[in-house]
1. Pull up segment 307-317, narrow it to residues that are open to solvent by 50 Å² or more (accessible area, probe 1.4 Å) and without any contact (Cβ under 8 Å) to a residue 40 or more places away in the chain, then point me to the one that is nearest to residue 347 (Cα to Cα).
2. If the Cβ limit is 6 Å and pairs must be 6+ apart or interchain, which residue in segment 36-51 that is over 16 Å from residue 18 (Cβ atoms) and small (Gly, Ala, Ser) pairs with which residue that is within 13 Å of the ligand (Cβ to nearest atom) and open to solvent by 10 Å² or more (accessible area, probe 1.4 Å)?
3. Taking segment 247-278 only, how many residues are open to solvent by 10 Å² or more (accessible area, probe 1.4 Å) and in contact with a strand residue (DSSP E or B) (Cβ under 7 Å, 6 or more places away or on another chain)?
4. Pick from segment 351-399 the residues that are at pLDDT below 95 and of a type in the set (Ser, Thr, Tyr): which of them is surrounded by the fewest Cβ atoms within 10 Å (Cβ to Cβ)?
5. Where residues in segment 215-233 are more than 9 Å from the ligand (Cβ to nearest atom) and touching a Lys or Arg at 6+ places or on another chain (Cβ under 8 Å), which of them is nearest to residue 353 (Cα to Cα)?
6. Select, from 154, 149, 117, 109, the only residue that is open to solvent by less than 60 Å² (accessible area, probe 1.4 Å), in a helix (DSSP H, G or I), within 16 Å of the ligand (Cβ to nearest atom) and farther than 22 Å from residue 221 by Cα.
7. Do you know which residues across segment 209-223 are open to solvent by 10 Å² or more (accessible area, probe 1.4 Å) and either in a strand (DSSP E or B) or without any contact (Cβ under 8 Å) to a residue 60 or more places away in the chain (or both)?
8. Any chance segment 267-290 includes a residue that's among the hydroxyl-bearing types (Ser, Thr, Tyr) and touching a residue at least 60 places away in the same chain (Cβ under 8 Å)?
Amino acid sequence: MNETAKRARAAIDLAAVRSNVRALRNLAPGAQLMVVVKSDAYGHGAIRCARAAREAGAPWLGTALPEEALELRAAGDTGRLLCWLWTPGGPWARAIEQDVDVSVSGMWALREVADAARACGRAARVQLKIDTGLGRNGCQPADWTELTAAARAAEAEGLLTVTGVWSHFACADEPGHPSIAAQLTEFRRALAVAEAAGLRPEVRHIANTPALLTLPEAHFDLVRSGIGVYGVSPSPEVGTPADFGLRPVMTLAASLASVKRAPGGHGVSYGHHYTTPGETTLALVPLGYADGIPRHASGTGPVLVAGKWRTVAGRVAMDQFVVDLGGDHAEAGDEAVLFGPGDRGEPSAEDWARAAGTIGYEIVTRIGKRVPRVYVDSEVPAQTGGRREDDTARTGGVA
Ligand SMILES: Cc1ncc(COP(=O)(O)O)c(C=O)c1O
């Protein structure tokens, strides 16, 4: 373990990324898989996870920001890549030059991408996004006929190719929610309008992880999966990762910074929201809300210390929190495991989500920069050393 990982570490199991990608491909056999690596691969490290996803046969990657897509290109990724969250000003030209598919949700974006294509003398790869009911990004159905016609005209001019038509679900993590069927109907209508305009997209897609897992009729030509690739459940209603053969990728652990005896009646952490019920042992975990540990998990977050689940005692502070070990023995330097795949009986990211009143997505994505990512690859062949750990922090060591 390198020095920066001594305080705390997020072990990222790249073999689990690959095995999850294979499992997800098997669950959507008629569709191509897009692995969503936005926000540093939900906190797991975009470059390393992208590479593992490609190795496991992911033909597409997806990001929100153009900068995230360009970072993948700079790291040597050459496969199909879509990015979807644009604001006026681009960087359209760089995306076009780097062969990145760009998402267009309205006329302002279509005009900017066509201008950039004209300036760089190269056709843009454009995916048109329809808002089928999420009420977030995407073209309103009322404006869709105009957008598809204008895109077709730009295509005829050689400025762009419409490579995709796509949308995003609002409630796929609540199987059976009435909005799901309504969005599918609207999506089919939008596809028909696009076809009538003369567009022939390579890929039509609407499914995220929960739809991939629960709704085969939503698979179309491509499915976009983020949270499933990282082995975390989209919601309790969808099921556990194990239900779908998915394995959690991140294990978050820290070394105890202090273990001390304290008398009964001792207040613990800011606000004294916890008081020791009797003489006890208090252990200090050197992770706090600056590292992404939710303050909402004060008094509720579960941690494996000295072989048992403990609960955060009192408030989570910026850099640290306390657990009450009762009469149990531990020493400074012993490991506290916050969440992981459960092999050692530790809690899961879903347990933390429940404790903090949030979703597993937020738990893993918010683990901060101060926590080094330690890449673990349990699939490395025995003759090259078996299980390999490398201490590359964050997304370092690319290409
Ligand atoms: C547009 C879009 N597609 C796909 C995804 C992936 O969703 P999930 O992580 O549920 O697979 C996201 C993530 O929020 C998204 O914003």
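The values are calculated or read from the model by the stated rules, or taken from the named source; none is laboratory data. The structure displayed is predicted, hence computed values, not measured ones. In this analysis, Cβ positions are derived from the backbone assuming ideal geometry, glycine residues included, and neighbour counts consider all displayed protein chains. Ligands, DNA and RNA are excluded from the accessible area calculation, which covers all protein heavy atoms including side chains. Shrake-Rupley method; radii C 1.70, N 1.55, O 1.52, S 1.80 Å.
1. As a first pass, look at segment 307-317 and keep what is open to solvent by 50 Å² or more (accessible area, probe 1.4 Å): 307-309, 311, 315.
Still in the list and also without any contact (Cβ under 8 Å) to a residue 40 or more places away in the chain: 307-309, 311.
On the way: 307: 12, 308: 10, 309: 8, 311: 11 Å.
Top of the filtered list is 309.
2. From residues that are over 16 Å from residue 18 (Cβ atoms) and small (Gly, Ala, Ser), the pairs are 39/365; 43/365.
3. Start the filter on segment 247-278 by keeping residues that are open to solvent by 10 Å² or more (accessible area, probe 1.4 Å), which leaves 247-248, 251, 255, 257-261, 263-267, 269-275, 277-278.
From what is left, the residues that are in contact with a strand residue (DSSP E or B) (Cβ under 7 Å, 6 or more places away or on another chain) are 251, 255, 257-261, 265-267, 269, 274-275.
Count: 13.
4. It comes out as 384.
5. From segment 215-233, those more than 9 Å from the ligand (Cβ to nearest atom) are 215-222, 231, 233; that's our starting set.
Still in the list and also touching a Lys or Arg at 6+ places or on another chain (Cβ under 8 Å): 220-222, 231.
Working: 220: 31, 221: 32, 222: 29, 231: 14 Å.
Filtering segment 215-233 for residues that are more than 9 Å from the ligand (Cβ to nearest atom) and touching a Lys or Arg at 6+ places or on another chain (Cβ under 8 Å), the one nearest to residue 353 (Cα to Cα) comes out as 231.
6. Details: 154 fails: within 16 Å of the ligand (Cβ to nearest atom); 149 fails: within 16 Å of the ligand (Cβ to nearest atom); 117 fails: within 16 Å of the ligand (Cβ to nearest atom).
Sole residue among the options that is open to solvent by less than 60 Å² (accessible area, probe 1.4 Å), in a helix (DSSP H, G or I), within 16 Å of the ligand (Cβ to nearest atom) and farther than 22 Å from residue 221 by Cα: 109.
7. Step one: filter segment 209-223 for residues open to solvent by 10 Å² or more (accessible area, probe 1.4 Å), giving 213-217, 219-221.
The answer is 214, 215, 217.
8. Filtering segment 267-290 down to residues among the hydroxyl-bearing types (Ser, Thr, Tyr) leaves 269-270, 274-276, 280-281, 289.
Pick out the ones that are also touching a residue at least 60 places away in the same chain (Cβ under 8 Å) and you get none.
No; the residues of segment 267-290 include none that is among the hydroxyl-bearing types (Ser, Thr, Tyr) and touching a residue at least 60 places away in the same chain (Cβ under 8 Å).
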